[in-house]
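The values are calculated or read from the model by the stated rules, or taken from the named source; none is laboratory data. The structure presented is a predicted model; accordingly, all values stated were derived computationally and were not measured. Every residue, glycine as well, gets a Cβ built from its backbone with ideal geometry; the counts of neighbours run over all protein chains shown. Note: areas computed on protein heavy atoms with side chains; ligands, DNA, RNA excluded. Shrake-Rupley method; radii C 1.70, N 1.55, O 1.52, S 1.80 Å.
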Amino acid sequence: MTETATEQRVKALKAGWYIWLFPAFAIAISVWLFWGYWQQRGPHIKIFFDDGSQIQPGKTQIRYRGVTIGDVHKVMISRDKKDVVAHAILYKHAEEFAVEGTRFWLVTPKVSLQGVSGLETLIEGAYISVDPGKIGGPIKKEFKGKEGGESKDPLEDTSTYQLETSNLGSVSAGDSVTFRGLKVGTVTKEILSKTGQTVLLQINILNRYVRVVRTNTVFWRSSGIKAKLGLFKSELKIDALDTVLRGGVELATPSPAGEMAKAQAKFSLLAEPPKDYEKWNTVLE
């Protein structure tokens, strides 16, 4: 008896049923992997940077104390064209990092007078480090990132003052502000005045040292090298290497000390230290 066409198709299907195991198995594996990824997926955040040349989608990681807690998956230009936006996804266990107060900064190789940092990025590439905010704080999804190897903000816990000078000399943003050789603040900004006749410097003094800034305090550019030449006696003093190479700002207050200066107060920045300032020993309580 000859087989009908229908019977032949049924036999063919029965004989080749195992062929369908492979695509079914592949689909099952894909679903399982996707489910695992989705379970691990935490919040989506945006980190705004001034420059994105070191950030690579799919490669740049977000780390906390050496442990990877997220990845950058997309880099775009912000709508106002002022920033680079790194779109990142945190891992599920790191979702508490997406809170107010968390700080992000890009770690790259850095060589400075303070030492060398970020050398591991020469091989594995730059990464984004994080300093967590308060646990249980308000949820936040957008952050302003910084470039550099440290998270400390020079404006944090400081008071701002203005210095005005006709010539900036070697002073620039990042230089130290010192009192009796102790760093009490930082130069954070330099801009040209509205009239173009002077240069304005913004300095930020740590709040624990603001008592040294009085209404009669004198500021001057520090060269790092002080020389007193005389016929019978000469003196040469050299400050710290950082001050010698980069310069900075020094301050002192003559007696009697004036009242504590208010934040945003403006002072003149002298090119040279005042005469006999080293003899000033003003009480600053």
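Summary of values
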{"read-out": "Flagged links, alpha-carbon separation over 30 Å, of 189/262; 141/262; 146/183", "value": "141/262"}
{"read-out": "Mean Cβ neighbour count within 10 Å, used as a protection proxy, ranking 78-91, 204-217, 130-143 highest first", "value": "204-217, 78-91, 130-143"}
{"read-out": "Å² of accessible area per residue within segment 49-106, as computed with a 1.4 Å probe and no ligands counted", "value": "57 Å²"}
{"read-out": "J(HN,Hα) series, segment 133-143, from Karplus relation 6.51 cos²θ - 1.76 cosθ + 1.60, nearest Hz, glycine and proline x", "value": "x, 5, 4, x, x, x, 5, 9, 10, 10, 9"}
{"read-out": "Relative packing of peptides 61-70, 170-179 - highest average C-beta neighbours within 10 Å first", "value": "170-179, 61-70"}
{"read-out": "Projected label distance in nm at residue 95 and residue 182, using a 7 Å step from Cα toward the beta-carbon", "value": "4.7 nm"}
